[in-house]
Amino acid sequence: MKTHMRRVGIMMVSALLAVSLPGCSKKEAAPGVSGGKPFRVGFTVQDLTIPYFISVIDGINDHRAAYNVELLVHDGKSDASSQVTAIENFITQGVDAIVICPIDPVAPEAAVKEAQAAGIPVISWSELVKGSDAFLTLKQHEYGYTAGKIAGEWAARKFTNQADAKVMFVYVPEVEALAERGQGLKDGFLELVPGATIVAEQAGNTPEAGMKAVETVLIKNPGLNVIVACNDAVALGAYEAMAAAGKKAGDVCIVGLDATPEALNKIRDNTMLVGTVDIGAYEQGELFLRVSTDAIKNGPSSEPVYVDFIPVTQGNISNYF
């Protein structure tokens, strides 16, 4: 699978930090018809400091012409109330569909009803907002389990005495889907190294959170040598903290999720970041377009659309370059 680096040609508009990706259109033509007025889809993401979302937007940007879609992206900046405001503004703007990757799946419920009352279908991304017309997600426990297993295999090879594996898990227990993913991280790792020493479980979903969490844990646990993170953003922040502490490749294992370009580069270069899990973030851009336009044209779907994933380590990193 080819790695697609950041190529987002986007323009910031409005106080909501919406991003407009306009398509060619003839305003008199029907929405969504090839060469006609494009479908307008509002997309509110959790936080644009998470590289995964940039890769998804890259994929949308590169394929949107084929679906005749104009995209408005809102950066939630890890603030659930901001997402609610974004949905209300998307309704006012008269978009054709709204996609939500929720920070808090309960907070937008009333706004979702408002959108649907206005004839706008709502698609949940990653975690379900009750009442959504469609749901694009992945099996969170399996996703986390796959990353945990990568770290567990490294620790099982590295340490004769399992207690010498001093592990830290970083995820977001407050978000149901990410809590499920976090449990997968732990289950995958501890299945292979049940005698490991768990030195910490910390909350985090961004590079800054990952760095701060690791810096804090290192104060009391300087022997920390395994970090299993809920995404590559956290893993990369953790990497910076471990590098600043003088930790070296071969002595430390960091594993993330999402297969972002920077994480893939570090795996290729045989650094402390030894693995990730690819959910085809770039490829999800086209899936996003398909699910969104299907909801606009055909109405609600009761069946979730699941995303596939592949573990990435030194064993298969060459496939990405």
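The values are calculated or read from the model by the stated rules, or taken from the named source; none is laboratory data. Not measured: the values here are computed from a predicted model. Using ideal geometry, Cβ is built from the backbone for each residue, glycine included, and neighbour counts are taken over all protein chains shown.
Structure notes:
- Residue pairs meeting the criteria (Cβ under 9 Å; at least 6 apart or on separate chains; first under 14 Å from residue 116 (Cβ atoms) and touching a residue at least 40 places away in the same chain (Cβ under 8 Å), in segment 83-94; second crowded, with 23+ Cβ neighbours inside 10 Å and hydroxyl-bearing (Ser, Thr, Tyr)): 87/44; 90/44
- Top-ranked residue in segment 285-321 [being of a type in the set (S, T, N, Q) and either touching a Leu at 6+ places or on another chain (Cβ under 8 Å) or not in a helix (DSSP H, G or I) (or both); ranked as nearest to residue 67 (Cα to Cα)]: 301
- Qualifying positions in segment 249-271 - assigned to a loop (DSSP other than H, G, I, E, B) and either buried (at least 22 other Cβ atoms within 10 Å of the Cβ) or of a type in the set (D, E, K, R) (or both): 251, 256, 257, 258, 259, 260, 269
- Taken across segment 179-198, residues that are in a strand (DSSP E or B) and over 23 Å from residue 278 (Cβ atoms) do occur, with at least one present.
- Residue count, segment 192-207 (criterion: surrounded by 16 or more Cβ atoms within 10 Å (Cβ to Cβ), more than 24 Å from residue 263 (Cα to Cα) and among the small types (Gly, Ala, Ser)): 1
- Neighbours by Cβ (under 9 Å, 6+ apart or cross-chain): first from segment 295-311, over 11 Å from residue 142 (Cα atoms) and modelled with pLDDT under 95; second aromatic (Phe, Trp, Tyr) and in a helix (DSSP H, G or I): 307/143
- Residue match in segment 31-40 (condition: part of a helix (DSSP H, G or I), surrounded by 21 or more Cβ atoms within 10 Å (Cβ to Cβ), at pLDDT 60 or above and among the aromatic types (Phe, Trp, Tyr)): no
- Screening residue 291 against (1) more than 16 Å from the chain's Cα centre (by Cα); (2) buried (at least 19 other Cβ atoms within 10 Å of the Cβ); (3) at pLDDT below 95 leaves a single unmet condition, (3).
- Considering each residue of segment 208-223 in turn, none proves to be buried (at least 19 other Cβ atoms within 10 Å of the Cβ), in contact (Cβ under 8 Å) with a residue 24 or more places away in the chain and part of a loop (DSSP other than H, G, I, E, B).
- Candidates 233, 243, filtered to the one that is in contact with a Ser or Thr (Cβ under 6 Å, 6 or more places away or on another chain) and either crowded, with 22+ Cβ neighbours inside 10 Å or at pLDDT 95 or above (or both): 233
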